[in-house]
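**Student:** Got a structure for you, written out below as structure tokens; questions coming shortly.
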Amino acid sequence: MVYLFQLRVPTSMIGSNVQGIETTITYDRARDELIVNTPVETAQKHWLGGALSAMMAVTFGQLFVDGENKGVHAVIVPMRDQHGALLPGIAIADCGHKQGNFSFLYQC
């Protein structure tokens, strides 16, 4: 099984702002499931190594339970079905060449 690690943090003047992650993970108590949402373009993940073949992704986001923000948590998100097709709600696109060292190792 191929896994993918994805974390997109807003940048600041002095480094990464992990607590400012815009991706949300909401616990739906009625359905007993987690809903992962990338609500704005700045929350999208870019140049993820392995995205073209990964079956699962470790995704970080703000966890909300009963409307209360519980802080940054990680969840495993299925990306593809058993035949390799993307699951509903998952999108992968080519975002062009990445500049810099080892850029040939990454895809969107």
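**Student:** Which of the peptides 20-27, 76-83 is most tightly packed, and how do the rest follow, judged by the mean count of other Cβ atoms within 10 Å per residue?
**Tutor:** Values: 20-27: 17.6, 76-83: 12.6.
Taking the mean over residues of other Cβ atoms within 10 Å, the ranking is 20-27, 76-83.
**Student:** What distance in nm lies between label points placed 7 Å from Cα along the C-beta direction at LEU87 and GLU68?
**Tutor:** Roughly 2.8 nm, to one decimal.
**Student:** Length gain on complete extension for the stretch GLN19 to VAL75, per 0.36 nm per residue less the alpha carbon to alpha carbon distance?
**Tutor:** Numbers: separation 56, 0.36 × 56 = 20.16 nm, distance 1.60 nm.
Once the chain is fully extended between GLN19 and VAL75, it gains 18.6 nm.
**Student:** May I ask you to compute the full-extension gain from MET55 to VAL36, defined as 0.36 nm times their residue separation minus their alpha-carbon distance, rounded to one decimal in nm? Provide the component values of the computation, followed by the final result.
**Tutor:** Details: separation 19, 0.36 × 19 = 6.84 nm, distance 1.62 nm.
Once the chain is fully extended between MET55 and VAL36, it gains 5.2 nm.
Taken together, the values in this text are just the output of simple stated rules run on the coordinates, not laboratory data. None of these values were measured; they are calculated from a predicted model. As a convention, Cβ positions derive from the backbone with ideal geometry for all residues, glycine included, and neighbour counts pool all protein chains shown.
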